[in-house]
Amino acid sequence: MHRLRAAGWRVYACGHVREGAGVEAADEFFVVDILDPAGVAALAKELAVDVVYSVGSDIAMPTVAAVSEQLGLPLFHSPAVTETLHRKDLLRGFLTKNGLSPVPHQVVRTAADLTGFVAYPAIVKPVDNQGQRGITIVQDHDEAVAALPAALASSRNGAAVIEQLLEGPEFSVHVFVVDGVAHLLLASDRHVWEGPLTGIPSSHTMPSRELDDVTSAQVKGLIDAFVAALGVTNGPLYFQMILTSDGPRIVEVAPRLDGCHLWRLIEVHTGFDLMMTVFDVLSGGEWPGDPELPTGVHHTLRFHLTDPKIPFEPADHSFADLGEVVFEEFHTEPGELARDVNGTVARLGYAITRDND
């Protein structure tokens with residue numbers, strides 16, 4: 001919102017409650033639930049907006065697509081494509097059908113649906129949530145049955161998916177599709193927090209240290225095949241992938257930018273403003289071309305993570321010993337508690353370092 005307003009945009013925001021940094025960051029805030037397409041459409045029509053969009057929220061994207069299509073506003077991905085990428089069960093089915101990262105999996109609504117699934121270790125997760133909510137790694141059938149209630153409780157449509165656990169280094173890839181061709185293809189290593197919750201990211205390093213020329217070519221081939229099979233023509237895609245012993249495999253794909261501020265890591269590392277490029281192209285501008293990539297330097301986006309029950313003390317949070325801090329932003333004031341979303345770990349903010357390597 002700050003970046004858009006600095007560029008001369010007027011920004012309206014909405015949410016189901018009047019709380020969070022976006023309330024003050026927007027020109028105006030409205031209490032309208034982003035899960036209510038009819039309500040958002042009525043608000044957008046009343047305000048005569050040019051664009052309805054979200055850059056980091058999975059749950060907002062189906063509403064973004066539906067409202068944009070209904071009002072004849074510009075959109076990157078159709079409601080059908082958005083729904084496929086939003087729901088883990090639909091995505092996994094699409095990947096299997098097209099021979100792209102096929103993984104043994106099963107859609108689950110009751111414990112009885114777990115009968116016959118044998119591809120352990122596995123991961124159980126809700127089909128339509130984000131932020132690692134309701135996700136559990138399980139070793140056998142009994143653990144899967146025990147993990148299922150948490151996954152179903154975090155699912156809005158009452159379904160979960162169990163799939164064989166992919167093992168290996170994790171990485172992310174930002175892609176921007178232009179006329180059906182994947183551009184950008186910027187990969188970053190995704191480091192996971194060593195705590196009790198599954199899959200919480202602690203940092204991202206660009207460029208990837210895990211991918212070499214051979215595996216990078218494999219990643220590009222997999223992404224090109226995915227884009228062609230899904231029929232994406234224009235817009236951003238954010239891939240979460242794992243480099244397994246059998247090569248790269250797709251875990252999830254989002255029809256938007258990531259939710260980890262990687263657009264700023266890209267900007268620091270390459271000088272390319274992906275955030276504003278997304279809005280420029282969405283509002284009718286041309287793709288400016290891929291950025292030149294620097295060599296011999298790594299940058300890492302590192303999250304300041306904390307126990308949500310401990311008040312924020314700035315002196316306790318520093319990454320200076322890991323490299324030159326070139327950007328830092330805290331979302332919590334000293335003495336306050338970070339926003340608690342899972343009861344175990346919360347983000348205070350993040351920093352980007354030019355690494356000592």
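The values are calculated or read from the model by the stated rules, or taken from the named source; none is laboratory data. Since the structure is predicted, the reported quantities are computational estimates derived from the model, not experimental observations. So basically every Cβ, Gly included, is an ideal-geometry build from the backbone, and we count neighbours across all protein chains shown. Areas reflect the complete protein model, heavy atoms only, side chains present, ligands, DNA and RNA absent. Shrake-Rupley method; radii C 1.70, N 1.55, O 1.52, S 1.80 Å.
Applying a threshold of 6 Å to beta carbon distances and a minimum spacing of six or more residues, or different chains, the list of pairs starting in segment 141-153 at a residue that is of a type in the set (Gly, Ala, Ser) and ending at one that is part of a helix (DSSP H, G or I) reads ALA144/LEU114.
Reported count of residues in segment 235-294, each being assigned to a helix (DSSP H, G or I) and hydroxyl-bearing (Ser, Thr, Tyr), is 2. For segment 172-202, name all the residues that are touching a residue at least 60 places away in the same chain (Cβ under 8 Å), of a type outside the set (A, V, I, L, M) and in a loop (DSSP other than H, G, I, E, B). Correct list: TRP193, GLY195, PRO196, THR198, GLY199. Restricted to segment 25-50, and to residues there that are out of contact with any helix residue (DSSP H, G or I) (no Cβ under 7 Å at 6 or more places or on another chain), closer than 21 Å to PHE279 by Cβ and not charged (D, E, K, R), the residue that is least open to solvent (accessible area, probe 1.4 Å) is ALA26. Within segment 67-91, residues that are charged (D, E, K, R) have Cβ atoms under 8 Å from residues that are assigned to a helix (DSSP H, G or I) and open to solvent by 50 Å² or more (accessible area, probe 1.4 Å) in these pairs: GLU83/LEU90, counting only partners at least 6 apart in sequence or on another chain. Touching a His at 6+ places or on another chain (Cβ under 7 Å), farther than 18 Å from ILE200 by Cα, in contact (Cβ under 8 Å) with a residue 40 or more places away in the chain and loosely packed, with under 14 Cβ neighbours inside 10 Å, is that true of ASP290? No: the conditions fail for ASP290.
The numbered conditions (1) surrounded by 17 or more Cβ atoms within 10 Å (Cβ to Cβ); (2) without any contact (Cβ under 8 Å) to a residue 12 or more places away in the chain are all true for VAL214 except (1). Taking the numbered list (1) in contact with a His (Cβ under 7 Å, 6 or more places away or on another chain); (2) exposed (fewer than 13 other Cβ atoms within 10 Å of the Cβ); (3) of a type outside the set (Gly, Ala, Ser) in turn, HIS2 passes all entries but (1). Checked against (1) assigned to a helix (DSSP H, G or I); (2) open to solvent by 40 Å² or more (accessible area, probe 1.4 Å), TYR53 passes all but a single condition, namely (1). For segment 304-313, a residue qualifies if it is surrounded by fewer than 22 Cβ atoms within 10 Å (Cβ to Cβ) and either on the phi > 0 side of the Ramachandran plot or not in a loop (DSSP other than H, G, I, E, B) (or both), and the qualifying residues are LEU305, THR306.
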